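Notes for the one structure printed next.
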Amino acid sequence: MNILIYTDSDLDGAGSALLLKWYFKQAKDLVIVETGESILASNFKSREGTHDHFDKIFILDLSLTKDIIPYIDKEKVIVIDHHADHYDLKDYYKNAKVLIEPGTSCVNLICKLFKKKLTLSESQKTLIEYIDSYDSFNFKNKEPLKLNAIFNYYNRPKVEKFIEAFDKGFREYTLFEKNSINLHFKKLKDQIKNAEIYKGKIKDYDVVATFADYAINEVARYFINVHKAEIGIVVNKKAKVVSFRRAKQSKVDVSILAKTLCDGGGSVAAAGGRLTEKFGELTKQFKIC
């Protein structure tokens with residue numbers, strides 16, 4: 001069997017592709033393409049000439065819009081994703097097999113879908129647990145943060161390098177990886193130290209907001225904890241992107257906020273969208289700390 005995988009260029013996307021590599025360990029040919037929502041259609045089209053070679057074509061961890069879906073809605077295509085906004089578009093698919101279910105991460109969903117035939121070692125289970133923890137914004141220790149730091153310090157192809165490095169599961173870090181982790185936390189510390197902090201409310205939820213263009217999850221988590229907020233907002237002024245994160249104990253669905261305020265989406269715990277006038281008007285009420 002020959003397998004082609006299009007996956008998101010982040011830690012969850014890398015972990016999702018790695019899970020399928022473990023599952024299809026007897027595959028004759030398994031090709032992984034690192035991509036993103038905005039470039040999937042062009043990546044898919046550029047490789048269409050090779051698609052006949054593959055028995056199954058997977059699209060992982062990509063929250064697609066109704067404009068992109070027609071480009072990839074083909075037979076042999078299997079779409080696996082956990083984003084709530086993508087789930088709302090399931091009916092737009094007519095030909096592909098759609099396995100979309102809102103949840104904590106794509107790795108968690110794959111484990112659920114393939115649990116009867118997916119046998120993992122303890123080190124593999126640990127790796128997937130850490131990836132799920134990072135993507136769901138639910139950190140029990142620093143290992144998920146360290147894994148993401150390592151992933152971010154790779155040059156492209158990041159997914160391929162991560163899979164090669166952790167093909168056997170979680171393990172002790174190499175010297176390069178330890179240096180990457182140290183650089184990551186130093187840069188994160190500097191960004192937190194220089195951040196401007198704003199506080200406000202969205203409905204009855206306490207909100208803390210700041211500006212950052214690096215380590216969004218970590219920045220949001222830090223300020224949520226320090227200010228005991230239920231929602232953390234991080235604005236990347238360079239990219240004109242807004243990221244929403246919720247506190248571990250909160251039940252708010254931040255994907256709804258991202259969709260309503262920023263024409264975006266995501267999962268219940270982590271979402272984002274573009275910087276809009278509607279968002280700007282809302283945050284005028286926020287006050288600097």
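The values are calculated or read from the model by the stated rules, or taken from the named source; none is laboratory data. For clarity, every value in this text was computed on a predicted model and none was experimentally measured. Reconstructed Cβ throughout: ideal geometry from the backbone, glycine too, with neighbour counts over all protein chains shown.
The criterion of at least 1 residues that are under 22 Å from Ser267 (Cα atoms) and without any contact (Cβ under 8 Å) to a residue 40 or more places away in the chain is met, among helices (runs of 4 or more DSSP H) falling completely within the range 1-98, by 40-46, 69-72, 84-87.
The sole residue among Glu122, Glu172, Glu129 that is out of contact with any His (no Cβ under 7 Å at 6 or more places or on another chain), surrounded by fewer than 16 Cβ atoms within 10 Å (Cβ to Cβ) and within 19 Å of Tyr23 (Cα to Cα) is Glu122. Within the range 232-250, the set of residues being in contact (Cβ under 8 Å) with a residue 24 or more places away in the chain and either within 16 Å of the chain's Cα centre (by Cα) or farther than 15 Å from Asp213 by Cα (or both) comprises Val234, Val241, Val242, Ser243, Phe244, Arg245, Arg246, Lys248, Ser250. Note on the range 125-149: residues that are assigned to a helix (DSSP H, G or I) and more than 15 Å from the chain's Cα centre (by Cα) amount to 5. The one condition from (1) over 15 Å from Ile216 (Cα atoms); (2) assigned to a helix (DSSP H, G or I); (3) among the hydrophobic types (A, V, I, L, M, F, W, C) that Leu118 does not meet is (2). Just one of the listed residues (Ala215, Ala271, Ala229) is buried (at least 18 other Cβ atoms within 10 Å of the Cβ), at positive phi and not assigned by TED's automatic domain parsing to the domain that holds Asn148, namely Ala215.
The residues of the range 83-119 that are surrounded by 16 or more Cβ atoms within 10 Å (Cβ to Cβ) and charged (D, E, K, R), listed by number, are Asp85, Glu101. Only residues that are closer than 18 Å to Lys203 by Cα and assigned to a loop (DSSP other than H, G, I, E, B): list them for the range 236-272, please. Ala247, Gln249, Ser250, Lys251, Val252, Asp253, Val268, Ala269, listed by residue number. Farther than 22 Å from Asn141 by Cα, in contact with a Leu (Cβ under 6 Å, 6 or more places away or on another chain) and not β-branched (Val, Ile, Thr) - does that describe any residue in the range 234-247? Scanning the range 234-247, I find at least one residue that is farther than 22 Å from Asn141 by Cα, in contact with a Leu (Cβ under 6 Å, 6 or more places away or on another chain) and not β-branched (Val, Ile, Thr), so the answer is yes.
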